[in-house]
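Coordinate-derived values only; no laboratory data. Keep in mind it's a predicted model, so treat the numbers as computed, not measured. Here Cβ is always computed from backbone atoms with ideal geometry, including for glycine, and neighbour counts include all displayed protein chains.
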Amino acid sequence: MNAFNAVASTLFDVVLAPFGHRQAWFDLLVWPILAGIVALLVYKRVSNQAGIARAKNGIVVNLLEVVLYRDDLAGVLGSTARALGHNVLYLAHNVLPMLVMIVPMTAVLVQLVAHYALAPIAAGSVELVTARLDPAVTRVKPTDLRLELPDGVVLDAPPVHTADGEVVWRVRAEKEGDYALKIHAGDQVIEKGLAVGGTPRKVPVMRTKSWEALLYPAEPGMPSTSALYSVDVAYPARALTFFPDGEGGILLWFFAASLAAGFALKNRFGVTL
């Protein structure tokens, strides 16, 4: 996961935000359209275009039979069954191109979310830092965890320990900057980034041992030997004005815009969807 994120981040940190992170509209327009075009090229290259056309025609023909011969129960049932069969074939023809596209499309989407979905926390605000112990590592207890804060960040309240191995700290950043929080877990020290104020940028949300590390490429994943399973910081959603806000908003926009681009351009590229 770390290697994949490192390669993807090295690439996208260069090609994303050509006009700066303040101009999110450019990447949020261009990349979904490019994704839709790439999807068309993949479909044209790897899918069975003739099979897709036959399956679509079979669906239409059998649905028309259902309408035309609706008084013939046996005929309606037969046409419905055949339409469903053609629908299964149509879906089967789409499996291979979907598998081919899933990795590059996910990489682009994750990077767009990382760069534009969240904003640095505001200077003076109070946010939560949550650390979760790895249950497979028993040498460290929640009460053993200690948070070391840099100058400019202070603890707003004593830590809260939960029964399932979580420790939550309320921290307040007193001035803008990019900080490194240090969590002491036994003889280990795990660093966690904290972005406060300033210009929009990619913010460090989570370090974890799970697959979720692929979704948060601003920092390396949690080391496999760490007593911590994950540590994360809550960041506010960035207001994007003309686009839906937050992680879910960018996800929805990306798929809607790329699908719209694909359907709008499919005839120009000679692709049957």
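Within the same chain, lysines fewer than 8 places from LYS266 are excluded, and of the rest, those with a Cα less than 23 Å from its Cα are LYS44, LYS56. Summarising the overall dimensions of the chain from its C-alpha atoms, the Rg and Dmax are 24.8, 80 angstrom. Per-residue ellipticity at 222 nm computed for the chain from its helices equals -15500 deg cm²/dmol, with DSSP H segments shorter than 4 residues left out and the rest contributing -39,500 (n - 2.57). The relative contact order of the range 183-270, computed from alpha carbon pairs under 8 Å that lie at least 6 residues apart in sequence, is 19 percent. Using alpha carbons only, how many degrees (0 to 90, rounded to 10) separate the axis of helix 24-46 from the longest principal axis of the chain? Between helix and principal axis, roughly 40 degrees. Inter-part distance, the range 201-273 to the range 71-145, computed on C-alpha centroids, equals 10 Å. Between PHE269 and TRP211, the FRET efficiency from the beta-carbon distance, with R0 = 41 Å, is close to 0.75. Over all pairs of different C-alpha atoms, the range 126-233 has a mean inverse distance whose reciprocal, the Kirkwood radius, equals 14.1 Å.
Taking the DSSP bridge list for the chain and keeping only pairs wholly inside it, about 95 percent are antiparallel. By the count of neighbouring beta-carbon atoms within 10 Å, fewest first, PHE4, PHE12 end up ordered PHE4, PHE12. Spin-label model, LEU77 to LEU34: label points 7 Å out along the Cα-to-beta-carbon direction sit 5.4 nm apart. Straight-line reach from LYS209: taking Cα to Cα under 19 Å and skipping same-chain neighbours fewer than 8 places apart, the lysines in range are LYS141, LYS182, LYS192. Each principal axis of the Cα cloud of the range 59-169 was evaluated for its coordinate range; sorted largest first, these ranges are 78, 33, 28 Å.
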